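Here is the structure we will look at, set down as structure tokens.
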Amino acid sequence: MLEQLHVFVKVYEQRNFTKASALLFISQPTISTKIKQLEQQLNTTFFIRKGPKSLVPTEAAHTFYQYALRTIDDYEQTLTQLHGKKRIRCHIGCSNTIAVHYFPQIFPQLVAAFPHIDFILSLSNSAKVAEGVAQHRLDIGLIEKPLDTHPLQKTILGTDELVLAGNLESPYWLMREKQSGVRFFNELYISEQNIHAQIIDTNSNEIITALLQQGFGKTILSRISLPENIPFQQLSTHYHRQLFLINRDDQNDLQAVSAMIAKHFQT
């Protein structure tokens with residue numbers, strides 16, 4: 001049954017038998033057979049075939065996906081306890097500004113407060129962090145974009161001031177990748193001001209600030225991340241974005257970690 005759950009999870013996330021097969025190192029016919037057997041056992045349909053490569057999950061699949069993730073997590077935790085391991089893993093994913101400019105202030109306190117927890121830290125854009133928490137690859141997410149993260153729990157941590165920075169006469173607009181939290185505000189500003197600029201995309205805040213320091217381009221980014229030698233213009237409070245903590249409601253062992261992070265930001 002556990003193997004079937006792993007197969008189901010990968011097919012659900014990839015929406016494609018071939019991609020799931022490659023990730024699991026199992027032949028595509030075997031993947032298809034296991035899904036069919038699971039559907040027969042539960043007397044339901046999980047996927048509707050839309051062409052040779054596209055799968056559309058049913059409502060039953062959405063429900064069963066959450067059950068499958070919890071069951072796999074419970075099994076792995078039980079194995080840990082059976083082998084006498086009392087340590088807990090906590091994988092925290094942060095979007096860029098939080099990871100570099102906010103979270104380092106709280107992390108040493110977390111390590112001291114929870115010596116029985118093995119922490120893992122990773123950096124990605126807000127959408128990828130939210131996806132990671134929803135798919136149980138991450139335990140806690142800290143994001144900067146107002147995403148619809150249902151059914152995850154979401155806590156507002158505070159606000160982050162965005163400014164228009166760089167050479168304001170430059171025709172070049174430096175832009176983070178499409179799923180980045182700060183790109184949302186850049187696109188909003190460009191639309192509101194009816195600006196026509198040449199967009200240069202990058203997935204790195206460090207590249208953006210380095211170019212700004214050379215007097216090249218302009219962008220909207222967090223004031224806290226701005227080196228002192230880069231000129232900037234303050235914007236309305238409309239460009240004060242909220243910072244969020246997201247987690248799942250079944251993480252009893254890690255609720256205290258989430259609570260401590262939220263308390264630090266909110267005080």
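When the square roots of the Cα gyration tensor eigenvalues are ordered a ≥ b ≥ c, the ratio a/c for the chain is 1.5 or more and a/b does not exceed b/c, which makes its shape oblate. Under 20 Å Cα-Cα from residue 34, which aspartates and glutamates qualify once same-chain neighbours fewer than 8 residues away are excluded? Straight-distance partners of residue 34: 3, 13, 59.
May I ask for the angle, rounded to the nearest 10°, between helix 2-14 and the longest principal axis of the chain, with both axes built from Cα atoms and the value confined to 0 to 90°? In the chain, helix 2-14 runs at an angle near 40 degrees to the longest axis.
So what is the relative contact order for the chain, in percent, with contacts set as C-alpha pairs under 8 Å and at least six apart?
About 19 percent, as a whole number.
Leaving out ligands, DNA and RNA, and with a 1.4 Å probe, what % of the accessible surface on the stretch 160-241 is carbon or sulfur? So the carbon and sulfur contribution to the accessible surface is 49 percent. Looking at the chain as a GNM with Cα springs under 10 Å, which of 98, 120, 140 has the largest mean-square fluctuation? Result: 120 has the largest fluctuation of those listed. Taking all protein chains as they are arranged and a probe of 1.4 Å, the heavy atoms of residue 224 leave approximately 70 Å² accessible to solvent. Going by the alpha-carbon gyration tensor, a ≥ b ≥ c the square roots of its eigenvalues, is the stretch 160-241 rounded (a/c under 1.5) or, if a/c is not under 1.5, prolate (a/b greater than b/c) versus oblate? It is rounded, given that a/c, with a ≥ b ≥ c, falls under 1.5.
Residues 240, 196, ordered by accessible area of protein heavy atoms at a 1.4 angstrom probe radius and largest first, appear as 196, 240.
Rolling a 1.4 Å probe across the protein heavy atoms gives the stretch 1-138 an accessible surface of 55 Å² per residue.
Computed over the stretch 29-164, the P(r) curve from all C-alpha pair distances, binned at 5 Å from the origin, holds 2, 8, 13, 16, 16, 14, 12, 9, 6, 4, 1, 0 percent per bin. Relative to the dominant Cα principal axis of the chain, helix 181-192 is inclined by about 50°. Under a Gaussian network description of the chain, with springs only between Cα atoms under 10 Å, the residue in 218, 50, 145 that fluctuates furthest is 50. Here is the list for the stretch 180-256: GluC sites (Glu not before Pro) lying in DSSP coil, each with at most 11 other C-beta atoms within 10 angstrom of its C-beta, are 228.
Using Cα pairs closer than 8 Å and at least 6 residues apart in sequence, work out the relative contact order for the stretch 152-222, in percent.
The normalised contact order for the stretch 152-222 reaches 53 percent.
Annotation note: trypsin sites (Lys or Arg not before Pro) in the stretch 233-267 located in DSSP loop regions with a Cβ neighbour count of at most 13 within 10 Å are absent. Measuring with a 1.4 angstrom probe and ignoring ligands and nucleic acids, residue 221 comes out at about 10 Å² accessible. Counting only residues at least eight positions apart within a chain, or on another chain, the lysines with an alpha carbon under 19 Å from that of residue 178 are 128, 145, 218. At most 14 other Cβ atoms within 10 Å and a DSSP loop assignment: could you name the trypsin sites (Lys or Arg not before Pro) in the stretch 62-124 that fit? Filter output for the stretch 62-124: 85, 86, 87.
So in the chain, what percent of DSSP beta bridges are antiparallel if you round to the nearest 5?
Expressed as a percentage, antiparallel bridges in the chain total about 60.
Structure remark: mean-square fluctuation, Gaussian network model of the chain, C-alpha springs under 10 Å; the largest value among 139, 160, 73 belongs to 73.
With protein chains left intact and a 1.4 Å probe, residues in the stretch 160-241 average 53 Å² of accessible area per residue.
Helix 59-82 axis versus longest C-alpha principal axis of the chain: approximately 80°, rounded to the nearest ten. With K and R counted +1 and D and E -1, the other residues having a Cβ less than 13 Å from that of residue 11 yield a net charge of +4. Solvent exposure of residue 159, expressed as accessible area, is near 90 Å², computed with a probe of 1.4 Å over the protein chains only. Rounded, prolate or oblate, given the Cα gyration tensor of the stretch 88-133, with a/c below 1.5 counting as rounded? Oblate. Sorting 97, 63 by solvent-accessible area of protein heavy atoms yields 63, 97, largest first, with a 1.4 Å probe.
The values are calculated or read from the model by the stated rules, or taken from the named source; none is laboratory data. Not measured: the values here are computed from a predicted model. Virtual Cβ from ideal backbone geometry, glycine too; neighbours counted across all protein chains shown. Heavy atoms of the whole protein, side chains included, go into the accessibility calculation; ligands, DNA and RNA do not. Shrake-Rupley method; radii C 1.70, N 1.55, O 1.52, S 1.80 Å.
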